[in-house]
1. Provide a single number: the residues in segment 15-32 that are closer than 21 Å to Phe69 by Cβ and modelled with pLDDT under 95.
2. Checking Glu120 against (1) among the acidic types (Asp, Glu); (2) loosely packed, with under 15 Cβ neighbours inside 10 Å; (3) in contact with a helix residue (DSSP H, G or I) (Cβ under 8 Å, 6 or more places away or on another chain), only one condition comes out false. Which one?
3. Only one of these conditions is not met by Ala170: (1) in a helix (DSSP H, G or I); (2) modelled with pLDDT of 95 or more; (3) more than 19 Å from Ala202 (Cβ to Cβ). Which number is it?
4. When you check Arg85 against the structure, is it in a helix (DSSP H, G or I) and closer than 23 Å to Leu123 by Cα, yes or no?
5. Out of all the residues in segment 50-71, which are aliphatic (A, V, I, L, M) and under 19 Å from Arg117 (Cα atoms)?
6. Identify all residues within segment 71-88 that are within 23 Å of Arg211 (Cα to Cα) and under 12 Å from the mean Cα position of the chain (by Cα); write none if there are none.
7. Scan segment 168-197 residue by residue and report those that are of a type outside the set (S, T, N, Q), surrounded by fewer than 14 Cβ atoms within 10 Å (Cβ to Cβ) and closer than 30 Å to Ile125 by Cβ.
Amino acid sequence: MAVKRTRRPRGSLTPDVILEAAEAVAEQGFEALSMRAVAARLEAVPMALYNHFATKEQLVAALLDRVLFRFEPPPATDDWIEDLRAFANAHRRLLAAHAWAVAPIFTNPSPGLASVRIGELALAILVRGGLSNADAVAAFSGMLALNYGWASFTAARDLDPGGPSHDVAAMLRALPAEAFPLTVATADAWGTYGSDRDYAFALGRFLDGLRAAASDATI
């Protein structure tokens with residue numbers, strides 16, 4: 001006897017419901033995200049999704065926009081450098097919390113309003129610090145390069161807790177010291193790559209440079 005398939009009530013699919021299901025699929029591996037996989041999770045037919053998203057590309061763009069809209073800017077203070085430090089850390093935490101989305105966001109050719117909003121907030125801090133429009137854009141681009149590069153550097157490790165990237169120190173210590181003396185000597189430090197301490201150091205030097213550039217611009 002055939003089992004009767006339960007159908008979703010008509011009208012129960014909304015963009016938010018679809019995106020919630022899409023994110024659950026993506027969290028298991030972004031490469032597995034498809035209209036069919038999302039429909040299966042929703043116990044719906046794939047064609048029902050096309051009433052809201054005409055293509056998979058539209059669905060992905062909306063999903064990434066949904067992630068970036070979760071960015072919460074820290075409250076402003078009277079120190080623009082500290083505001084930018086807090087901003088960069090908040091942005092990095094958002095990326096770390098959505099490791100599966102780092103590569104798709106970085107390579108998405110059509111940034112949505114959430115991405116524009118993040119840029120607008122950062123530019124407001126940079127212009128307040130006295131940087132010209134051109135230098136503010138360059139500085140924001142540098143911050144994005146640091147954060148997305150850092151997130152990409154650590155995402156594979158975070159997505160695969162038992163993977164080989166967790167044994168970096170041991171692998172480097174095993175290299176022939178006569179060929180790679182500096183690498184072997186710094187093996188333990190490489191074992192903690194991507195740490196909060198390392199990020200704070202890199203971000204701090206970046207911000208030191210911006211503070212100096214802003215001071216030079218006012219002379």
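The values are calculated or read from the model by the stated rules, or taken from the named source; none is laboratory data. Remember, it's a predicted structure, so these values are computed and weren't measured experimentally. Methodologically, a virtual Cβ is constructed for each residue, glycine included, from the backbone with ideal geometry; neighbour enumeration extends over all protein chains shown.
1. Filtering segment 15-32 down to residues closer than 21 Å to Phe69 by Cβ leaves 15-27, 30.
Then drop every residue that is not modelled with pLDDT under 95, which leaves 27, 30.
Number satisfying all stated conditions: 2.
2. Among (1) among the acidic types (Asp, Glu); (2) loosely packed, with under 15 Cβ neighbours inside 10 Å; (3) in contact with a helix residue (DSSP H, G or I) (Cβ under 8 Å, 6 or more places away or on another chain), the lone unmet condition for Glu120 is (3).
3. (2)
4. Yes; evaluated as a whole, the condition is true for this residue.
5. Val60, Ala61, Ala62, Leu63, Leu64, Val67, Leu68
6. Applying the first criterion (within 23 Å of Arg211 (Cα to Cα)) to segment 71-88 yields 73-88.
Matches in segment 71-88: Ala88 only.
7. Selection gives Asp196, Arg197.
The rows are residues; the columns are (1) hydrophobic (A, V, I, L, M, F, W, C); (2) loosely packed, with under 15 Cβ neighbours inside 10 Å.
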| position | (1), (2) |
| --- | --- |
| Ala61 | yes, no |
| Phe71 | yes, no |
| Asp79 | no, yes |
| Glu82 | no, yes |
| His98 | no, no |
| Leu113 | yes, yes |
| Leu126 | yes, no |
| Val137 | yes, no |
